[in-house]
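K.L.:
Got a structure for you, written out below as structure tokens; questions coming shortly.
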Amino acid sequence: MASTWVSGRASGPSALRRATRALRFCAIEARPAVLAVSMLRFLTGAMLALPVAAAPDPAKVLQGAAAWVLSIFAIYVGNGVSDVHEDRVNGSRRPIARNDLDPRTATAAAAVTAALSLVATAGLPPAMTWVIAANLVLGYLYSGAPFRLKRRSGGTVAVLCGSGLLAYWGGFTVVVNGADGATPLSLIMFATAATCWMTLVGIPAKDLSDIEGDAAAGRRTIAVVYGARAARNVMSAAALLLAGSFWVVSAALSAPLAETALAMFAGAVAVTLAGRSADAAAARRRRRRPYRAFMATQYVVHITVLSSNIGKDMLLL
């Protein structure tokens, strides 16, 4: 590497190259996989709102999605700054933890991106500005002093539930654009199931790979307090019960989500099988397998909704 960021300075490359490199590192810190699934959540909320939308504007939907992703970008970069100690204990290879991105540069980038996410709501329904503002507040409560709700599993669940539901609500808000109409049942069901998947399955799956760093940072996660076995059991039980319940409710209410429910159940099985080898003595790479299965399932269920007959009239496709 030609130069390393230290205290916001770099030697060698031009100012433009330094800025480009910093932006690239910030994008890595924000986790492209997370940004992509955040986009899918918003677009799914928009697509499932179509039954009550008179004439959705694809450009407005994409603008709202961009604003939403910018807010997630800001939150994750800021979280990377606050997580630097435990990330290093866990052996993370993200830019801040490996000293490629100065925390002050990352903090500035997070602040600028947060402001841009609010500016990007110009011309959208006023409720969308409040959705973005609420998401940014949740992000600060999660990572920022003195709150740091991420220290406990309960705080993490509360923040992620709020942020997850806001993603779907944002998509709905942009498509409906102030028009009257009840929220479609399919949107309510899917948003609830997907948010529960993100929190009840994703949190213990993520905690399995971060036990050492979380303990060093004083966090009180299930894996830290009760051990990896308890976290695996909670994760597996939640995944299977949630997927099964989602399928039963979808069938009982005749909601057009059968393919999505099947995809979630397949993901629940994958998470459970991956968790069998993720004990505390396993290498961190192996303990990350449940989280990878969890993330893959998120992609599959959202793409299934977007590509199913529910969205056959969607103007964005």
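The values are calculated or read from the model by the stated rules, or taken from the named source; none is laboratory data. Given the structure is predicted, the values throughout are model-derived calculations rather than measurements. Using ideal geometry, Cβ is built from the backbone for each residue, glycine included, and neighbour counts are taken over all protein chains shown. Heavy atoms of the whole protein, side chains included, go into the accessibility calculation; ligands, DNA and RNA do not. Shrake-Rupley method; radii C 1.70, N 1.55, O 1.52, S 1.80 Å.
K.L.:
Determine the per residue accessible area of the stretch 203-245 with all protein chains present and a 1.4 angstrom probe, expressed in square angstrom.
P.N.:
With the other protein chains kept in place, the stretch 203-245 gives 40 Å² per residue.
K.L.:
Moving on to the next point. How much of the accessible area of the chain, probe 1.4 Å, is carbon plus sulfur, in whole percent?
P.N.:
65
K.L.:
Only helices at least 18 Å long along their own axis, judged from Cα atoms, and with Kyte-Doolittle mean hydropathy of 1.6 or greater: name those in the chain from DSSP H.
P.N.:
32-48
K.L.:
I've got another one for you. Would you work out which of THR297, ILE75, THR221 lies farthest towards the positive end of the dipole of the chain, given +1 charges on the beta-carbon of Lys and Arg and -1 on that of Asp and Glu, about the Cα centre?
P.N.:
After comparing all options, I get THR221.
K.L.:
Measure off 7 Å from each Cα along the Cα-to-Cβ vector at GLU259 and SER308, then give the distance between these two points in nanometres to one decimal.
P.N.:
About 0.8 nm separates the two model spin labels.
K.L.:
Ok, one more. Under a 10 Å cutoff between Cα atoms, tell me which one of PRO204, PRO58, PRO146 has the largest fluctuation in the Gaussian network model of the chain.
P.N.:
Of the options given, PRO146 has the highest mean-square fluctuation.
K.L.:
So how much slack lies between HIS85 and LEU23, counting 0.36 nm per residue of separation and subtracting their Cα-Cα distance, in nm?
P.N.:
20.1 nm
K.L.:
Another question, if that's okay. Under a point-charge model restricted to the Cβ atoms of Lys and Arg (+1) and Asp and Glu (-1), what is the dipole moment magnitude of the stretch 124-235 relative to its Cα centre, in debye to the nearest 20?
P.N.:
400
K.L.:
For the chain, report the translational diffusion coefficient in µm²/s to the nearest whole number, using Stokes-Einstein at 4 °C, 1.567 mPa s, and a Kirkwood Rh over Cα pairs.
P.N.:
Answer, rounded: 64 µm²/s.
K.L.:
Can you give me the relative contact order of the chain as a percent, contacts being Cα pairs under 8 Å and 6 or more apart?
P.N.:
20
K.L.:
Keeping every protein chain present and rolling a 1.4 Å probe, give me the accessible area per residue for the stretch 1-149 in Å².
P.N.:
I get 45 Å² per residue for the stretch 1-149.
K.L.:
Only four residue types carry charge here, +1 at the Cβ of Lys and Arg and -1 at the Cβ of Asp and Glu. Report the dipole size of the stretch 35-96 about the Cα centre in Debye, rounded to the nearest 20.
P.N.:
Magnitude of the dipole: close to 100 debye.
K.L.:
Go ahead and estimate [θ] at 222 nm for the chain from helices alone: -39,500 (n - 2.57) per DSSP H run with n ≥ 4, summed, over the residue count, rounded to 500.
P.N.:
-22500 deg cm²/dmol
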